[in-house]
Each structure stands twice: as C-alpha cells, then as structure tokens.
Amino acid sequence: MREVFQLELQEVQERLVEISTLVAASIENATKAFHESNVNLAEQVIADDDKIDQLSVSLDELAIDILARQQPVARDLRIVVSALRISASLERMGDMSEHIAQLARYRFPEKVVPKSLRPTFTELGELDVAIAKKLTQLLTTEDVSLAEEIRNDDDRIDELHLSVFDKVLGETWKGAPADTVDATLASRYHERFADHAVSIAKKVQYLATGDWVGAEA
C-alpha cells in the first residue's frame, strides 16, 4: 500500500508539471499574440485554456481521493494539500494568459497599447514567460534557487506595473479612454500572473526546505 501511495504522490507532481508546462506555453503564445496582433494565436490561447481547466479539475479530484483513501499525515499531507492550492494558482495563471489573448482579439487588427507603452509591455511579457518556465523547472526539480529568481523577476514586474499607472495617469498621456482601459487591464493581468507564480514558488520552497518563508501568501 505504501508503494501505491508513493506512486500516487508522484502522479500528483507529474500532473502539476504537465499543467505548468501548458501554462508556460499559454503565456508565451498570449504575449506573442498581444504584441503582434495575431488573432489566430489569440484564439488558440483562449481555446487551450479549457484543457488547463480540465487538467486542474482532474488533479483536484485525484488529490481529494488520495486524502480520503490514504489519510496522509505530516509531509505527505502537506504535499497533497499544497497540490490543491498550486493547481488553483496554475488555473488562474492560465486565466491571465487567456485575458491577455482576449485583449489582442478584441483590438485586432490594431495593437492593444499605444506605441509609447510597447517597450514596457514587451518586458512584462518576457518576464512572465521566463517566470512560467522557471516555475515548471521548480515543480520538476524543487531547486529552491529558482524560487528566489521568480521573486526577483516579480519585483521587476511590480515596478513596470506601477510605471504603467504613472504613465496613463500622467499629464502627458494622450491615449484615448479605450487605450487607458486596455493598458491598465493588460498590466494588471501580467502582474497577477506573476503573483500566482510567486505564491506557488513559496509553497514549493516550503515543501523542499521546511521553511515557511511567507508561504501563506
């Protein structure tokens, strides 16, 4: 029975990595659609989010079944409970990718944000993609140095997010009301994507080291 339980815990980890891999592909495609006004790619991201949702639900069902049958304790219990919370965060990251793609679809064939903000959003997108890939590596290896890198990347995203607000609220801003709304929403989606990744990274770091490091966030 113990061997079966360990195989089930391994399956939980493998499913988390699978979902994280899909999320990384989703944000990469979403940011590309956003910057290139690629409506076909945007539609693909929106459609693919259903698979992320389905896999997340399936993982939750597995985790709940393990809790009911195996009644895990100590670290094993923390692994299963953490998996439920990580699954929820990954699902939300997929939603953020979908929202970014939806903005690209809504504004097609125009660009989503004015030219003056495009360098900022280029960096936001690149950082989110990097974070997503590091998160997949972290879930695969439990290399806690990756958690620190993810937090550092998130700090930069927070700075860029604030700079977008400073820009659209500044006296020199000449964007139309739609531009203001789009820039604000897009910046928020990028920022929330990274926040969920940080939350996951803290939980994985806790499981690997036993150090809580604010993992309740």
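Numbers at a glance
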| item | result |
| --- | --- |
| Filter result (of a type in the set (Lys, Arg) and either over 18 Å from the mean Cα position of the chain (by Cα) or at pLDDT below 95 (or both)) within the range 98-142 | ARG105, ARG107, LYS111, LYS115, ARG118 |
| Residue check for ALA42: closer than 22 Å to GLN205 by Cβ and in a helix (DSSP H, G or I) | no |
| Neighbours by Cβ (under 6 Å, 6+ apart or cross-chain): first from the range 53-77, under 11 Å from PHE5 (Cβ atoms); second at pLDDT below 90 | GLN70/PHE5 |
| When residues of the range 141-193 are limited to those that are assigned to a helix (DSSP H, G or I) and aromatic (Phe, Trp, Tyr), the one farthest from GLN10 (Cα to Cα) | PHE165 |
| SER58, sole failed condition from (1) over 20 Å from GLU191 (Cβ atoms); (2) buried (at least 21 other Cβ atoms within 10 Å of the Cβ); (3) of a type in the set (S, T, N, Q) | (2) |
| Unique match (being open to solvent by less than 60 Å² (accessible area, probe 1.4 Å) and either of a type in the set (Val, Ile, Thr) or within 28 Å of GLY210 (Cα to Cα) (or both)) among VAL17, VAL73, VAL4 | VAL17 |
| Filter result (in contact (Cβ under 8 Å) with a residue 40 or more places away in the chain, open to solvent by 10 Å² or more (accessible area, probe 1.4 Å) and farther than 18 Å from VAL23 by Cβ) within the range 114-141 | PRO114, SER116, ARG118, THR120, THR122 |
| Subset tally (residues that are among the charged types (D, E, K, R), modelled with pLDDT under 95 and more than 24 Å from TYR106 (Cα to Cα)) for the range 167-201 | 1 |
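Quick grid of which residues meet (1) out of contact with any Leu (no Cβ under 7 Å at 6 or more places or on another chain); (2) open to solvent by less than 20 Å² (accessible area, probe 1.4 Å); (3) on the phi > 0 side of the Ramachandran plot:
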position: VAL144; (1), (2), (3): yes, no, no
position: GLU149; (1), (2), (3): yes, no, no
position: ASP153; (1), (2), (3): no, no, no
position: GLU159; (1), (2), (3): yes, no, no
position: SER163; (1), (2), (3): yes, no, no
position: VAL168; (1), (2), (3): yes, yes, no
position: ASP182; (1), (2), (3): no, yes, no
position: ALA197; (1), (2), (3): no, yes, no
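The values are calculated or read from the model by the stated rules, or taken from the named source; none is laboratory data. Quantities reported herein were computed from a predicted structural model and do not represent experimental measurements. With ideal geometry, Cβ positions are generated from the backbone for all residues, glycine too; neighbour counts draw on all protein chains shown. With ligands, DNA and RNA removed, areas are computed over all heavy atoms of the protein, side chains included. Shrake-Rupley method; radii C 1.70, N 1.55, O 1.52, S 1.80 Å.
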